[in-house]
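These notes are about the structure you will find just below.
Rule-based calculations on the coordinates, nothing more; no lab input. Since this is a predicted model, take the numbers as computed values, not measurements. Every residue, glycine among them, receives a Cβ derived from its backbone with ideal geometry; neighbour counts consider all protein chains shown.
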Amino acid sequence: MIFDEKKLLIFDYDGTIADTNSIHSKAFLRVLDGMQVNFDYLELAGLSTEDAFKNILQKNNTHYKESDIISLSKRKRQIAVELAQENLSLLPGCLEFLHEAKKYFMLAIVSSGSYENVSYGLKKFKIFNLFHPVICRDHVTFSKPNPEGFLKARSSFPEIKDSQILVLEDSEHGFDAARNANIEFLDIKQRDWFLLLQILKSNHE
């Protein structure tokens, strides 16, 4: 079974816990309006904001300086926070799953998002204290698909074996990061949170 012998669950945030894909897509669109560049947000999911802008500009053969990336990223994050205040929601069933999972597992977050955005959402839904550690783009040198974030989370639990860890993710970049860390992962797009909750409860009956 999925959760057999697991002790630590590591969650992504955007698109896994919080339904933020439309928020981030709109924020990128607003920042890039008028620049005549094309992008598909689903290809960017899991990347840091900085890496996402580099990806967009490179694919559109647009010259940029590092200062441009910093400026674009700052504006995008500000817009995302504004949109989140009005439109942020959790994925259906996720809240119930998290509270049930906390009874049996240690929970952590590894996100390519900024700590400002991630902590805002977790606190808004009163689930910040369910997780430790909460590792975001601000806390690592390299974001997904680099495994640094997952390795850093794992180092917080030296008593837990790799085989006892499960990553819950929604993006290809996140899957690659888990593979690079040699940690088992679950694509939450393949199973909704209500189904996972049923599986979790059946494991502990």
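One table, with the values for the structure above:
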| read-out | value |
| --- | --- |
| Selected from Ser111, Ser67, Ser48 as most flexible by GNM, with the chain as the system and alpha-carbon contacts under 10 Å | Ser67 |
| Amide H contacts of Phe185 (H built 1.01 Å from N, under 5 Å, at least 5 apart or other chain) | Val167 |
| Residue exposure sequence - Tyr41, Tyr120 - by fewest surrounding Cβ within 10 Å | Tyr41, Tyr120 |
| Correct option for Rg/Rh (Cα atoms, Kirkwood Rh) [calculated from the coordinates] among (1) 0.98; (2) 0.93; (3) 0.96 | (1) |
| Farthest toward positive dipole pole in region 21-87 [+1 Lys/Arg, -1 Asp/Glu at C-beta], among Ala27, Leu47, Tyr64 | Tyr64 |
| Per-residue ³J(HN,Hα) for region 4-13, Karplus 6.51 cos²θ - 1.76 cosθ + 1.60, θ = phi - 60°, Hz, x for Gly and Pro | 4, 6, 7, 10, 10, 10, 10, 9, 6, 10 |
| Per-residue Cβ neighbour rank within 10 angstrom, fewest leading, Leu196, Leu88 | Leu88, Leu196 |
| Theoretical ellipticity at 222 nm over the chain - DSSP helices of four or more residues, -39500 (n - 2.57) apiece, nearest 500 | -14000 deg cm²/dmol |
| Candidates Pro133, Pro158, Pro92: whichever shows maximal mean-square fluctuation once the chain is modelled as a Gaussian network with Cα springs under 10 Å | Pro158 |
| Gaussian network model of the chain, Cα within-10 Å springs - most flexible of Lys126, Lys102, Lys65 | Lys65 |
| Stretchable slack from Arg75 to Asn182, in nm (0.36 nm times residue separation minus alpha-carbon distance) | 35.0 nm |
| Above-threshold pairs, the threshold being 25 Å between Cα atoms, out of Lys102/Lys189; Lys65/Lys144; Lys152/Lys201; Lys102/Lys126; Lys7/Lys76; Lys76/Lys123 | Lys152/Lys201; Lys7/Lys76 |
| Hz values of 3J(HN,Hα) by residue in region 33-44 - Karplus curve (6.51, -1.76, 1.60), Gly and Pro given as x | 4, x, 8, 6, 10, 10, 7, 10, 4, 4, 6, 9 |
| Antiparallel %, DSSP beta bridges [both residues in the chain], to 5 | 5 |
| Likely footprinting exposure, Tyr13, Tyr115, fewest C-beta neighbours within 10 Å first | Tyr115, Tyr13 |
